[in-house]
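The values are calculated or read from the model by the stated rules, or taken from the named source; none is laboratory data. These numbers come from a predicted model, not from an experiment. As a convention, Cβ positions derive from the backbone with ideal geometry for all residues, glycine included, and neighbour counts pool all protein chains shown. For the accessible areas, the whole protein counts, side chains as well, though only heavy atoms, and no ligand, DNA or RNA atoms are used. Shrake-Rupley method; radii C 1.70, N 1.55, O 1.52, S 1.80 Å.
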Amino acid sequence: MNMNILLSRILTYLNGTLSHDAYYNLCTFMVFHYLEIQKMDEETFLKEANCSKEDLYSFINMLDFATYDDFMKELIRLHNVRLKQIDDRMNGVDIEELVNSMEKVCTNEEMLTMIDVICEKLYKAKKIVIFGALYPVSIAVELQTDMITFGKPFIQFHSYDPVPMNEDEVAIIISATGRYVNSFQKSHADVHIERAHQVLITQNKKYLKIGSDDKNTIIYVPGKFDSINFNYQIMTICDLIRINYYAKYVIK
């Protein structure tokens, strides 16, 4: 079995489903309690997840597991393999070289400072939610997977599950034009995205004038709303976050 397939398939369902069903609730619970569930027996899992045995077995059977114990043993095994592969991947990575290769309007030091701030916010966050159009948000799935592996709840926003944000949470917003920010606040006022620390990745220069503060970190990347270039920059920023977070909060 491919080492990524179990967590990846859980996230594939969670990120891609169009309905708020029992599987969605089950996947959400596992993402929010990824490290804790590895110590749970079946009875405890069912109680904590508020899940029926029928729904649990329907889901794990879909993933080709006959029993909860088989499912959990493989989840734990692949979790450890993933940690080892992350360690091997990060070994010898030069974050300054990666920053230097970026197309940006700020200095290397300013970019690294922003990445430091973001990682600190992620480390302290009780929940991380990413907002934006489907494709740019999907580019961040490796960041999402690593953060969940490290025990941080990280989900994509779904309009059918508008869970309110709080002050101790992080909202990552990916929007080349920045229009998503205003439209979202108008259409989903009940989410209260303004309460969370907002990380905005954008190509809109107007946000340079607004600048970053205690509630917002704005990463402006050059470009004229060029999706190809913007997607590449998103990937690089996500890599910087992953590398920095691992170095400062996982192997410290």
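What the table below lists for this structure:
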{"quantity": "The stretch 208-228 - residue that is closer than 23 Å to Tyr135 by Cβ and touching a helix residue (DSSP H, G or I) at 6+ places or on another chain (Cβ under 9 Å) and, of those, modelled with the lowest pLDDT", "calculated": "Ser227"}
{"quantity": "Selection count where residues are buried (at least 20 other Cβ atoms within 10 Å of the Cβ) and either out of contact with any strand residue (DSSP E or B) (no Cβ under 6 Å at 6 or more places or on another chain) or of a type outside the set (Gly, Ala, Ser) (or both), scope the stretch 157-179", "calculated": "8"}
{"quantity": "Some residue of the stretch 127-146 being more than 22 Å from Tyr34 (Cα to Cα), touching a residue at least 40 places away in the same chain (Cβ under 8 Å) and polar (S, T, N, Q)", "calculated": "no"}
{"quantity": "Residue list for the stretch 59-77, filter: modelled with pLDDT under 95 and either among the β-branched types (Val, Ile, Thr) or open to solvent by less than 30 Å² (accessible area, probe 1.4 Å) (or both)", "calculated": "Leu63"}
{"quantity": "Wholly within the stretch 1-100, helices (runs of 4 or more DSSP H) carrying at least 3 residues that are in contact (Cβ under 8 Å) with a residue 40 or more places away in the chain", "calculated": "5-16, 22-32, 68-90, 95-100"}
{"quantity": "Subset of the stretch 132-151 that is small (Gly, Ala, Ser) and surrounded by 19 or more Cβ atoms within 10 Å (Cβ to Cβ) - its residue that is farthest from Leu14 (Cα to Cα)", "calculated": "Gly132"}
{"quantity": "Complete set of residues in the stretch 33-44 that are surrounded by 13 or more Cβ atoms within 10 Å (Cβ to Cβ) and closer than 21 Å to Phe150 by Cβ", "calculated": "His33, Tyr34, Glu36, Ile37, Gln38, Met40"}
{"quantity": "Residues (free of Cβ contacts under 8 Å to residues at least 60 places away in the same chain, over 12 Å from Ser175 (Cα atoms) and open to solvent by less than 50 Å² (accessible area, probe 1.4 Å)) located in the stretch 192-222", "calculated": "Gln198, Gly211, Asn216"}
{"quantity": "Test: Phe154 is open to solvent by less than 10 Å² (accessible area, probe 1.4 Å) and over 15 Å from Met235 (Cα atoms)", "calculated": "yes"}
